[in-house]
Amino acid sequence: MELKLATGGKTVSVSDAVFDRPFNQTLVHQVVTAYLAGGRAGTKAQKNRAAVRGGGKKPWRQKGTGRARAGTIRSPLWSGGGVTFAAAPRSYAQKINRKMYRAGMCAIVSELRRQERLVALGDLTLEARSTKGLIKALADQGCEARGLLVVGEVDDKVGYSANNIPGLDVAVVGALDPVVLVGADKVLFTEEALQALEGWLA
């Protein structure tokens, strides 16, 4: 299929498998949920009766004292004892096959195109780090400096120039994730980024 660039009337040829895939809500939900779950620390921890220091000696004999039997002063029933159902460090990671992840990303990108939230740009190069220069370069291509700007390779000039522009984020194709794509109002892809994305997902 052909994607029309934001200005100049030119088009760029892209793969139907990446940019014209039917939207699969269940798959996209699973991919997004798995990505968010993978970012959870899971470092919560408490001490159970075995992990609390002390309590090795039986506080009193089993019978004859008139008191309830007790084997340790670190019982969860006692003040200073362990926690009954103590939390332990765990991983929240969910397994997603590589093929499923890529299919979910393709579905998201295709839906962005159908909703006209995906904008294809031509070559975007800056001679120096300049916020005004980046705003002008985007304006020359008929785009407002807002949304997510995706470039093919790490470009310090573009990255530093975008730091002072509120509402504009810059990402490299290799660092894209489903959450940032779903949450972006507009996604601006340079022509180089479109080719890199197609090579990654196709």
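Here, each number is a calculation from the coordinates, and none is a lab measurement. All of these numbers come straight from a predicted model, not from anything done at the bench. Cβ sites come from the backbone with ideal geometry, for glycine too, and all protein chains shown count toward neighbours.
For this structure, a couple of remarks:
- Spacing of the modelled spin labels on Gln46 and Gln94, each 7 Å from Cα toward Cβ, amounts to 2.6 nm.
- Calculated [θ] (222 nm, deg cm²/dmol) that DSSP helices of n ≥ 4 give over the chain, each run adding -39,500 (n - 2.57): -10000 deg cm²/dmol
- For segment 108-202, the equivalent ellipsoid derived from the Cα gyration tensor has semi-axes of 20, 14, 12 Å, listed largest first.
- Alpha-carbon centroids, segment 45-78 and segment 102-151: separation in whole Å: 65
- Net charge of the neighbourhood of Arg102, taken over other residues with C-beta under 13 Å away and scored Lys/Arg +1, Asp/Glu -1, is +1.
- Among Pro76, Pro166, Pro89, the residue with the largest mean-square fluctuation in a Gaussian network model of the chain, with springs joining Cα atoms closer than 10 Å, is Pro76.
- Least to most buried among Met105, Met100, Met1 (fewest other Cβ within 10 Å first): Met1, Met100, Met105
- When the chain is treated as a GNM with alpha-carbon contacts under 10 Å, the residue of Thr65, Thr190, Thr84 showing the greatest mean-square fluctuation is Thr65.
- What you get for the chain, charging only the Cβ of Lys and Arg (+1) and of Asp and Glu (-1), is a dipole of about 3000 debye around the Cα centre.
- Number of Lys pairs (Cα under 24 Å; 8 or more positions apart or on different chains) in the chain: 12
- Cα-based convex hull volume of segment 45-88 per residue, rounded to whole Å³: 65
- The structure shown yields Cα extents along the principal axes in Å, and of the options (i) 74, 49, 23; (ii) 96, 38, 23; (iii) 57, 52, 32 that calculated value carries the label (ii).
- Contact order normalised by residue count of the chain, Cα under 8 Å, 6+ apart, percent: 25
- Relative contact order of segment 143-202, pairs being alpha-carbon contacts under 8 Å that are 6 or more residues apart, as %: 46
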